[in-house]
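Step one of this worksheet: look at the structure below.
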């Protein structure tokens, strides 16, 4: 028997329940994975509240690391004893043991600990596809990145520094600004007391930036558009403050702006692409350019408290559950 967080209805953190579940032998194409760490991501809150609908009852979580205990028929990419992580596949990572489609498992190399991988699997590969695929940065650019002290944000700070990109990052407090700068963010904007677009124009001598990565959404939309150069690109990669609604005429007025709303699944599949993304991420980790450690840890049974902390913006960096 295994322990897993399940929910029968959408709502607040209180709908998350720790339940005992049956986990059998893996079937064809499957592997049974015992988790060492489970990542908590903001998208989990969207599923819990119903913003992103799921059939109910259901599990929660898409991102974890652990060790393969057994494999089913036809599985050749991983074997029992392998350390692995994953970020795609069915919901249900909030568990101590689960069955996973083996095609989504990413082997962890020597030099990358489970603890580091728990903060970098989803968040590191998100930074990879944002910086290397959605708007491919070559080095030398100045960019604006919202929520620079968040889980993905701190990885993005380090990745930008590693490839020679000047990152302007928004944060909500001076304490978070200090954390972002320590991780490689060149300039920070404290949104509680500074005008984002005005500061971006000051930093860039009036030119603006070629790309804005905006995971906040509704509250930062206008500031993002006002920070962009003519024909700049708005990468809308999240909506923590609410959905983004854009009048396309506004895009012309602001300088013929390009807008994209990317999703990981379209950049990390098929499997060879996912493995190539992971290889690039892990090469930075092994070289010491990118590090990852959980900033907040909660017991699996306390998943609701982890959600409360994340929703209240009391967290910095990555939050994990420990089964």
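Here are a few things to note about the model shown:
- Taken over the range 259-273, the residue count meeting the criterion of being in contact with a helix residue (DSSP H, G or I) (Cβ under 8 Å, 6 or more places away or on another chain) and either under 24 Å from residue 221 (Cα atoms) or touching a residue at least 24 places away in the same chain (Cβ under 8 Å) (or both) is 7.
- Residues located in the range 110-132, provided they are over 30 Å from residue 211 (Cβ atoms) and in contact with a helix residue (DSSP H, G or I) (Cβ under 8 Å, 6 or more places away or on another chain): 111
- Boolean, residue 310 is assigned to a helix (DSSP H, G or I), in contact with a strand residue (DSSP E or B) (Cβ under 9 Å, 6 or more places away or on another chain) and in the same structural domain as residue 90 (by TED's automatic domain parsing): yes
- The residues in the range 239-257 that are surrounded by 12 or more Cβ atoms within 10 Å (Cβ to Cβ) and either closer than 20 Å to residue 41 by Cβ or not assigned by TED's automatic domain parsing to the domain that holds residue 157 (or both) can be counted, and the count is 5.
- Residues of the range 294-314 satisfying the condition of being farther than 17 Å from residue 65 by Cβ, at pLDDT below 95 and crowded, with 20+ Cβ neighbours inside 10 Å: 310
- Qualifying residue in the range 17-30 (condition: free of Cβ contacts under 8 Å to residues at least 12 places away in the same chain and either touching a helix residue (DSSP H, G or I) at 6+ places or on another chain (Cβ under 9 Å) or at positive phi (or both)): no
Here's the yes/no breakdown for (1) assigned by TED's automatic domain parsing to the domain that holds residue 50; (2) within 18 Å of residue 315 (Cβ to Cβ):
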residue	(1), (2)
96	yes, no
107	yes, no
149	no, yes
159	no, no
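- Test result for residue 166, surrounded by 19 or more Cβ atoms within 10 Å (Cβ to Cβ), at pLDDT 95 or above and under 27 Å from residue 222 (Cα atoms): no
- Scanning the range 199-238 for residues that are outside any strand (DSSP E or B), free of Cβ contacts under 8 Å to residues at least 60 places away in the same chain and surrounded by 19 or more Cβ atoms within 10 Å (Cβ to Cβ) returns 199, 200, 208, 217, 221, 223, 225.
Rundown of residues vs (1) within 17 Å of residue 167 (Cα to Cα); (2) crowded, with 24+ Cβ neighbours inside 10 Å; (3) at pLDDT below 95; (4) more than 12 Å from the chain's Cα centre (by Cα), yes/no style:
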site	(1), (2), (3), (4)
103	no, no, no, yes
110	no, no, yes, yes
119	no, yes, yes, no
126	yes, yes, no, no
133	no, no, no, yes
137	yes, no, no, yes
140	yes, no, no, yes
145	yes, yes, no, yes
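- If you filter the range 271-293 down to residues that are outside any helix (DSSP H, G or I) and crowded, with 21+ Cβ neighbours inside 10 Å, you find that the one that is modelled with the lowest pLDDT is 292.
- Residue count for the range 76-90, restricted to those that are part of a loop (DSSP other than H, G, I, E, B) and under 21 Å from residue 114 (Cβ atoms): 9.
- Among the conditions (1) in a loop (DSSP other than H, G, I, E, B); (2) within 19 Å of residue 151 (Cα to Cα); (3) modelled with pLDDT of 95 or more, the only one that residue 256 does not satisfy is (2).
The values are calculated or read from the model by the stated rules, or taken from the named source; none is laboratory data. Just so we're clear, the structure is a prediction, and the values are computed from it rather than from any experiment. Cβ atoms come from the backbone with ideal geometry, glycine included; neighbour counts cover every protein chain shown.
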